[in-house]
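Participant: What follows is a structure written as C-alpha cells; I'll ask about it next.
The values are calculated or read from the model by the stated rules, or taken from the named source; none is laboratory data. This one's a predicted model, so the numbers in the text were calculated from it and none came from an experiment. Reconstructed Cβ throughout: ideal geometry from the backbone, glycine too, with neighbour counts over all protein chains shown.
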Amino acid sequence: MTEPVVECVPNFSEGADEDVVRAIVQAMRVDGVKLLDWSMDAAHNRSVVTVAGSPQAVVESAVRGVGMAAARIDLTQQRGVHPRMGAADVVPFVPVRGVTLEQCALLARQAGAEIWRRHGVPVYYYGAAASRPDRANLEDVRRGQFEELRELVLHDAARTPDVGGPALHPTAGATAVGARRFLAAFNIYFDTADVSCVRQMARRIRASSGGLPGVKAMGVLVHGQAQLSMNLTDLQAVSLSKAYDKAAELALEYRLAPVRTELIGLLPEAACERDAEWMRLSIEFDPATKVIERRWQDPMEWPTELAVAADRD
C-alpha cells in the first residue's frame with residue numbers, strides 16, 4: 001500500500017438473487033481496483049461489496065455498481081427488511097492510506113454527480129460529505145425508506161436530494177453517497193425466537209437512545225433466531241468487545257444468552273481481538289479473509305460474467 005488507497009463499501013438492496021448480486025459485483029471490475037469481499041444476506045435482503053484501490057478507479061467502480069443495481073433491482077417489487085431508500089442504498093468512501101477523510105468526501109461528491117449524470121439516480125450526501133448538518137446522519141437521510149420518501153420529495157423541500165430529482169428514480173429510488181472512517185457491521189444471535197426482547201436491547205444500546213457512542217442497532221428475526229444487528233461507527237470509542245459485553249450484560253436481564261456472532265465485511269487489523277469472547281463465538285472468522293490489510297495482499301477473484309445477465313433488459 002505505497003500509493004493512496006481508498007476503500008468503498010456499497011450496500012445493495014438485494015440479498016437473495018445471486019445472479020443480480022454477481023452482475024453488480026462484476027460491473028464494478030475496474031483496473032486499479034481490488035475486490036476484497038462480497039456477501040449476500042437474504043434475511044436482511046441486502047448485499048455488501050468491499051473494494052479498494054486508487055481513488056479515481058474506486059470512484060469509477062462505485063458508479064458502475066450503482067448503475068447495474070439501478071438496472072437490475074426494482075424496489076416497487078419488494079419491501080425493505082433492512083431500512084433502504086435505493087437499489088444501491090449506501091455508497092461510503094473510506095480512507096485507508098495516503099488519503100484523508102476530507103479527500104474521501106470530495107470523492108463522494110464526484111461519485112454522486114456521476115451517478116446522477118449517467119444513471120439518473122438522485123443522490124443524498126451524508127457523513128463527512130454531507131452538504132447540510134441534518135444530513136450527516138444516514139438514518140435521518142433514509143427516514144421513511146423508499147415508499148415514503150418518493151412521496152415526500154414531491155412536496156417537502158427539506159427532503160429533496162442533493163443531486164438530481166426532485167423525484168426519485170421510479171424503481172431504483174435514491175442513493176446515499178458519503179465518506180466515513182472504518183465501520184464494523186456486527187451481529188449477535190441469541191438463544192430465543194422472541195425478537196421483541198432483542199429490539200428492547202437494541203434501543204438501550206444504540207447511541208441515539210443514550211447507549212454506546214457511535215453504535216447503531218436494531219433487533220431482527222433471522223431464520224427463527226433473534227439477532228442484534230449493530231454498526232459500530234467509532235471503533236476507537238467502542239470496540240467489538242465493548243459492544244459484545246454490553247449486549248451480553250443486557251441479555252441477562254431478559255434471561256437470554258449470546259450463542260454466536262457474525263462480522264459482515266472486513267475489519268482493520270487494529271480492531272481484531274484474538275482472545276475476545278465475541279471472536280470465540282464468531283462464525284468462521286478467518287483473519288486471512290476478514291482483515292482488510294491481509295485481504296489487500298490476497299484479494300478475491302472477480303466473479304465471472306454471467307450469460308444470463310446479458311440477456312436481460
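Participant: Would you mind stating whether ARG206 is buried (at least 16 other Cβ atoms within 10 Å of the Cβ), of a type in the set (Lys, Arg) and not assigned by TED's automatic domain parsing to the domain that holds LEU154?
Facilitator: Criteria met by ARG206.
Participant: Here's another thing I want to ask about it. Give me a count of the residues in the stretch 196-222 that are in contact with a strand residue (DSSP E or B) (Cβ under 7 Å, 6 or more places away or on another chain), outside any strand (DSSP E or B) and not hydrophobic (A, V, I, L, M, F, W, C).
Facilitator: 3
Participant: Does the stretch 211-221 include one or more residues that are more than 21 Å from the chain's Cα centre (by Cα), touching a residue at least 12 places away in the same chain (Cβ under 8 Å) and either surrounded by 15 or more Cβ atoms within 10 Å (Cβ to Cβ) or over 19 Å from LEU183 (Cα atoms) (or both)? Even if it seems obvious, please write down each step before you answer.
Facilitator: Narrowing the stretch 211-221 to residues more than 21 Å from the chain's Cα centre (by Cα): 211.
Add one more test, that the residue is touching a residue at least 12 places away in the same chain (Cβ under 8 Å), and what stays is 211.
Filter again for either surrounded by 15 or more Cβ atoms within 10 Å (Cβ to Cβ) or over 19 Å from LEU183 (Cα atoms) (or both), leaving 211.
Within the stretch 211-221, one or more residues are more than 21 Å from the chain's Cα centre (by Cα), touching a residue at least 12 places away in the same chain (Cβ under 8 Å) and either surrounded by 15 or more Cβ atoms within 10 Å (Cβ to Cβ) or over 19 Å from LEU183 (Cα atoms) (or both).
Participant: Which residues, counting only those in the stretch 163-185, are part of a loop (DSSP other than H, G, I, E, B) and on the phi < 0 side of the Ramachandran plot? Give the steps one after another, and end with the answer.
Facilitator: In the first step, residues of the stretch 163-185 are kept if they are part of a loop (DSSP other than H, G, I, E, B); the result is 164-168, 170-172, 174, 180-183.
Matches in the stretch 163-185: PRO166, ALA167, LEU168, PRO170, THR171, ALA172, ALA174, ARG180, ARG181, PHE182, LEU183.
Participant: Against the definition (of a type in the set (A, V, I, L, M, F, W, C), in the same structural domain as ARG64 (by TED's automatic domain parsing) and more than 20 Å from MET218 (Cα to Cα)), how does VAL121 come out, yes or no?
Facilitator: The answer is yes for VAL121.
Participant: In addition: Looking at VAL21, VAL58, VAL48, which one is buried (at least 21 other Cβ atoms within 10 Å of the Cβ) and in a strand (DSSP E or B)? Steps first, answer last, please.
Facilitator: Working: VAL21 fails: in a strand (DSSP E or B); VAL58 fails: in a strand (DSSP E or B).
Just one listed residue meets the conditions, VAL48.
Here's the yes/no breakdown for (1) farther than 30 Å from GLY53 by Cα; (2) in contact with a Pro (Cβ under 7 Å, 6 or more places away or on another chain):
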residue	(1), (2)
GLN227	yes, no
LEU232	no, no
ALA237	no, yes
PRO258	yes, no
CYS272	no, yes
VAL291	no, no
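Participant: Any residue that is over 30 Å from LEU240 (Cβ atoms) and surrounded by fewer than 19 Cβ atoms within 10 Å (Cβ to Cβ) - is there at least one of those in the stretch 179-202?
Facilitator: The answer is no; no qualifying residue exists.
Participant: A follow-up question, please. Need pairs with beta-carbon distance below 6 Å; first residue of a type in the set (D, E, K, R) and within the stretch 47-62, second outside any strand (DSSP E or B); sequence gap 6+ or separate chains.
Facilitator: Sorted first by the residue in the stretch 47-62, then by its partner, the pairs are GLU60/VAL30.
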